[in-house]
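Written out below as structure tokens is the structure these notes cover.
The values are calculated or read from the model by the stated rules, or taken from the named source; none is laboratory data. If you're wondering where the values come from, they're calculated on a predicted model, not measured in any experiment. No Cβ is skipped: glycine too gets one built from the backbone with ideal geometry, and neighbour counts run over all protein chains shown. Calculation scope for accessible area: heavy atoms of the full protein, side chains included, ligands and nucleic acids excluded. Shrake-Rupley method; radii C 1.70, N 1.55, O 1.52, S 1.80 Å.
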Amino acid sequence: MPVVPPRRPTGRFPKLGTRIVVFFVALLVIVQGVAAFLVIQASSQVARRTINQQLEQGERVFRQLLTQNQARLEQGAGILSADFAFRQAIASNDTGTILSVLRNHGARVGANVMTLASLDNTVRADTLDPARIGKPFAYPDLVKLASVDGKSSSIVIRDGKLYQLVVVPVLAPEPIAWVGLAFEVDDAVAKDMHQLTGLEVTFASRVGPSEEWRLHASTLPAQLRPALAVELARLPESADGSGEITLGGDEYETRLAALEQRADKRVVAVLQRPLAVGLAPFQRISAVFFWMTLAGLAVLVAGSLMIARGITRPVHRLADAARRVQQGDYSRHVDVEHRDEIGELAESFNHMLDGIVSREKEILRLAYEDALSGLPNRAMFYEQLGQAVRIARRGGENISVMMLDMDRFKAINDTLGHTVGDQVLREVGARVRTALRDSDIVARLGGDEFGVLLPTGDKEHAPRVVAEKIHRALEQPLVVGGQTMDVAASIGIARFPEHGEDADALLRAADVAMYEAKRTKARYAIYNSSHDERRKEFLTLLGELRHAVEAGELELHFQPKVTLAEERASSVEALVRWRHPKKGMVPPGDFIPFAEQTGYIGEITRWVLRRAIEQCGRWQMNGSRVRMCVNISARDLRQGEELVQFVSARLAEAELPAGMLCLEITESALMEDPAIAQSTLRRLRELGVATSIDDYGTGYSSLAYIKQLAVNELKIDRGFVAGMEADQRNAAIVRSTIELGHNLGLTVVAEGVETEHELAQLRRFGCDAAQGYLFARPMSAPAFERWLSGLRDEAGARAGVAGA
């Protein structure tokens, strides 16, 4: 039967309705009017208090910036004063060298002026004005303060410009001179502080109470600066704190921050904010308040007039909703406008709809949604892929499938736990989703594997482009539980119909391509039929490599490191080689990366350590004291205490002192898990084993992190050494790396030295040792012993010639 709506009441009460409308309108006008009056009265006071708070906060930021600049100057001056070559130049009165060192160091720290003064306060060098050489140092009071405190700083005026000056003694070990570093406080400095604080910043000074104020730097427009100087002159001499100044017809809340306060000199920073800027938000609030009041009046009038008509609407809505439910549509709720009996019926109806929808969603979620990430699961992805293939086949279109596997995810799970691993997976899924179009599909297939379906593609949304977008999304820093992690993925790509005619074939092709990307350490790989053959070889190689360790197919070759000062072999690097019974000598590059991927690198490392330590012990018993160097991987570092105990046991068996062993770790391996790497290196250092950073310069470690590591040696990557002849920038990198290592107290070794020119440059740069084909290629133990004997014979012959 059709639903019969209730009849509307025939009686009307226009007078009562008019009274209700007038009453509510009048009440709203009175309340809003009083509120508007109070808001307008309070806006000015609140704005001024807000600006004053901003000025106070800005002053704190401003002073912190000055303190940081001073600390940077003091640190730069301290480094310069401790430089041995600089002290020698001062002692020998080598003015040219002094000026060169001052200019170079000033450029490094960003100082505008570098000055050297003798103990009698005479300027010996000045990078800004050579004419000052021989004249008295203009700031003897800072020299006196530095002689007491070891350093001093001040804001000074020089040639009409404002500088932040730091003075420290040059010690050898007693003071032999004074060095000063200064930053110019100019418009650029004021602009930087304006960007940080949001305030107008002006630096001004006055020498003597009768002199005029002078503006040195400001963010104010040029036409307002003279007016500011005039306003500052009108302030009492003791004026400080906050106040108002009128410039160009605009009022500015102003605060003076004293930088230098003396009887004959006053330097201040004037911090300002226009009052109009502070009042603007409150004016907008007042305007919004006004329009909201008008809107409220309109709504109130309209609502009062529609009360009568609105009584029957809920009944009609219930009838319409019942018909929709009968047709299977549960998506729309009935609006509940009243809390009477009809309203209760509408609420009960909505609860029924919610129950039906909730049960249907839960059924679908259990069947097709991944509970961890909220993404479609493997079953849903397979179904969507099959449907996309059918549509593409009918329309003659192309589709692409991508498989993503997280790199190093097992290390995150093992190190930080599964809870953190789950959070990482959720974040990865969200990031991949943001890199795709709404029409694209991403699913979690299980573990740390994700699938992506691109139903259609164009040049701007080709699989390669999408893969790069995903990589860029994953490269952003990921912080979970306060731990920053480096997340990356290997991506395999397959296309329909080129690489498969159905969902199973496409998934398999994408999976094969993904493992090829992981093998080659590429960002992504597109399926190729040759990948299947490499996959088979990959699986075969795993079994052969396990057999190689057990069957003794691995052997060690040794490449010496030669000290450049004494031209002797101070140490030797152990390099593993695989002599395959059928394939012959297999290069390390063909099986070491594979061993790292499969986790079998730990077995190889233990084999190399055992054999290398035994060989070094035998050489020592025969009178050859040559330190043995062995490479270890990031996976070995994560073993921590287990690695330390293994090394300790092998050293004891070979009766070899711990100092005769050096473990080399690549820079990238150190950065995979810095905390564990630092802990393991510290334990090895306590054991007495030397450690070295291999391939330095190819990773992304910071200087602060290198300084904290318990290492003894830096090895410069061969790519920089080999490029010194062709590119002076490589030579500069090598020279600065050597200086860095020496400043950190480390021995520096250059890898890949192949020419006499490279060797000569390394000698000039002060490199400690070198390694490369120029001296010797990797060789067997007997061959190395013969080479070492020949090197000693040459050294003896040279010594005999020198003695004769």
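List of remarks:
- For beta carbons closer than 8 Å, sequence separation of 6+ or different chains, a first residue in region 467-487 that is farther than 16 Å from residue 407 by Cβ and open to solvent by less than 80 Å² (accessible area, probe 1.4 Å) and a second that is part of a helix (DSSP H, G or I) and of a type in the set (Asp, Glu), the qualifying pairs are 480/427.
- Among the candidates 120, 83, residue that is over 21 Å from residue 740 (Cα atoms) and either of a type outside the set (A, V, I, L, M) or open to solvent by less than 60 Å² (accessible area, probe 1.4 Å) (or both): 120
- Checked across region 213-220, the condition of being surrounded by fewer than 11 Cβ atoms within 10 Å (Cβ to Cβ), assigned to a loop (DSSP other than H, G, I, E, B) and either at pLDDT below 85 or within 39 Å of the chain's Cα centre (by Cα) (or both) holds for no residue.
- Only one of the listed residues (613, 601) is crowded, with 18+ Cβ neighbours inside 10 Å, in contact with a strand residue (DSSP E or B) (Cβ under 7 Å, 6 or more places away or on another chain) and of a type in the set (Val, Ile, Thr). That residue is 613.
- Within region 623-663, considering residues that are of a type in the set (Gly, Ala, Ser) and under 40 Å from the mean Cα position of the chain (by Cα), the one nearest to residue 712 (Cα to Cα): 659
- Taking the listed residues 178, 213, the one that is over 30 Å from residue 125 (Cα atoms) and touching a residue at least 12 places away in the same chain (Cβ under 8 Å) is 213, with no other qualifying.
Rundown of residues vs (1) open to solvent by 50 Å² or more (accessible area, probe 1.4 Å); (2) at pLDDT 85 or above; (3) touching a helix residue (DSSP H, G or I) at 6+ places or on another chain (Cβ under 7 Å), yes/no style:
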residue	(1), (2), (3)
564	no, yes, yes
587	yes, no, no
590	yes, no, no
596	yes, no, yes
609	no, yes, yes
623	yes, yes, no
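- Output for region 97-117, where each listed residue is surrounded by 15 or more Cβ atoms within 10 Å (Cβ to Cβ) and not in a helix (DSSP H, G or I): 111, 112, 113, 114, 115, 116, 117
- Residues in region 649-661 that are surrounded by fewer than 16 Cβ atoms within 10 Å (Cβ to Cβ), closer than 15 Å to residue 690 by Cα and touching a helix residue (DSSP H, G or I) at 6+ places or on another chain (Cβ under 9 Å): 657 alone.
- Residue 331 being modelled with pLDDT of 75 or more and either surrounded by fewer than 13 Cβ atoms within 10 Å (Cβ to Cβ) or outside any helix (DSSP H, G or I) (or both): no
- Within region 462-492, tally of residues that are farther than 18 Å from residue 450 by Cα and hydroxyl-bearing (Ser, Thr, Tyr): 1
- Complete set of residues in region 377-417 that are of a type in the set (S, T, N, Q) and either closer than 21 Å to residue 676 by Cα or assigned to a helix (DSSP H, G or I) (or both): 384, 387, 413, 415
- When residues in region 625-648 are screened for being under 25 Å from residue 788 (Cα atoms) and either open to solvent by less than 60 Å² (accessible area, probe 1.4 Å) or polar (S, T, N, Q) (or both), 5 of them pass.
- The single condition among (1) open to solvent by less than 50 Å² (accessible area, probe 1.4 Å); (2) closer than 30 Å to residue 505 by Cα; (3) at pLDDT 80 or above that residue 528 does not satisfy is (1).
- Of all the numbered requirements in (1) of a type in the set (Val, Ile, Thr); (2) in contact with a helix residue (DSSP H, G or I) (Cβ under 7 Å, 6 or more places away or on another chain); (3) open to solvent by 40 Å² or more (accessible area, probe 1.4 Å), residue 666 misses one, and that requirement is (2).
- Pair list, Cβ under 7 Å, 6 or more apart: region 218-235 residue on the phi < 0 side of the Ramachandran plot, other residue among the acidic types (Asp, Glu) and assigned to a loop (DSSP other than H, G, I, E, B): 229/212; 233/212
- For region 76-98, the criterion of being touching a residue at least 12 places away in the same chain (Cβ under 8 Å) and under 30 Å from residue 215 (Cα atoms) is met by at least one residue.
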